[in-house]
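Here the structure is laid out as structure tokens; the discussion comes afterwards.
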Amino acid sequence: MTRTSSHDTADNEARIRRLRAARAQDSEAKTARALDAVRGLLASGQRITCAGVAREASVSTWFVYNQPQVQEAVRAAMHEQRQHGRRTATGPSSGQVTPAGLQTELMLAREEIKDLKKERDRLRERVRLSLGAELDDVGRGQLVERIRQLEQQNAELRRELSEAGDRLTDSERRLREAEDDLTAARASLRRAMRAVPSK
């Protein structure tokens, strides 16, 4: 190996180390922002969703779903809200339902459904591209082993796609429930307004 090529290799390795360090630092910063967002939303009594955390922390929903520490924090916060309701120290009790609050719930649920559908489409595209690109690079002697690896990758991507589908189904269920609550709240408001005697 010549001195020039050795120097180029060392430069490339240093560049790769710098890139990895920058990515790790960026990931840590995003994780910290996302965890702060979860705590802030929980403390303010707002409904915890992956899309809501992503917006609050200025990260992608993909990051929220795929960063284990963040995903665990989101799931724990959602579980807490399901078990104890959404509570704030100074705001109204979680039992009070207003049309404006339900409209906000509907808007958030619809945005989360859109994000989940986009994630589902990205996962499908990853499956397609992964299979095509890998097969293009495989020689005949390595075909069987590569197919085995691709099948494993495909199974993992299908699992991720299935999980995204489950999250989408859950979000659509919550959307239907919020729409029902909104309809009931509007009907209750109309009854209350009719019951007020006119002067």
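The values are calculated or read from the model by the stated rules, or taken from the named source; none is laboratory data. All values derive from a computational prediction rather than experimental measurement. Cβ: placed from backbone, ideal geometry, glycine included. Neighbour counts: every protein chain shown. For accessibility, only protein heavy atoms count, side chains too; no ligands or nucleic acids. Shrake-Rupley method; radii C 1.70, N 1.55, O 1.52, S 1.80 Å.
Step by step: first the residues of the range 48-60, then only those that are of a type in the set (S, T, Y) and out of contact with any Leu (no Cβ under 8 Å at 6 or more places or on another chain), then the one that is nearest to R174 (Cα to Cα). Which residue is that? My answer is S60.
Does V70 fit the bill of being under 21 Å from R110 (Cβ atoms) and at pLDDT 85 or above? Judged against the criteria, V70 is not a match. Screening E160, E177, E134, E156 for residues that are at pLDDT 75 or above, open to solvent by 50 Å² or more (accessible area, probe 1.4 Å) and more than 18 Å from I48 (Cα to Cα) leaves exactly one candidate, E156.
If only residues of the range 73-117 that are within 20 Å of V59 (Cβ to Cβ) and of a type in the set (V, I, T) are counted, the one that is modelled with the lowest pLDDT is I113. Within the range 6-65, the residues that satisfy the criterion of being open to solvent by 40 Å² or more (accessible area, probe 1.4 Å), aliphatic (A, V, I, L, M) and closer than 18 Å to H79 by Cβ are L42, A43. Checked against (1) surrounded by 12 or more Cβ atoms within 10 Å (Cβ to Cβ); (2) of a type in the set (K, R); (3) modelled with pLDDT under 80, R128 passes all but condition (1). Selection of first residues in the range 21-39 that are within 11 Å of V70 (Cβ to Cβ) and of second residues that are open to solvent by 60 Å² or more (accessible area, probe 1.4 Å), restricted to Cβ pairs under 8 Å at least 6 apart or on distinct chains, gives the following pairs, ordered by first then second residue: T31/Q69; R33/S58; L35/Q69; A37/E56. For M78, the criteria (1) under 19 Å from E163 (Cβ atoms); (2) open to solvent by 30 Å² or more (accessible area, probe 1.4 Å); (3) not in a helix (DSSP H, G or I) hold in every case but one, which is (3).
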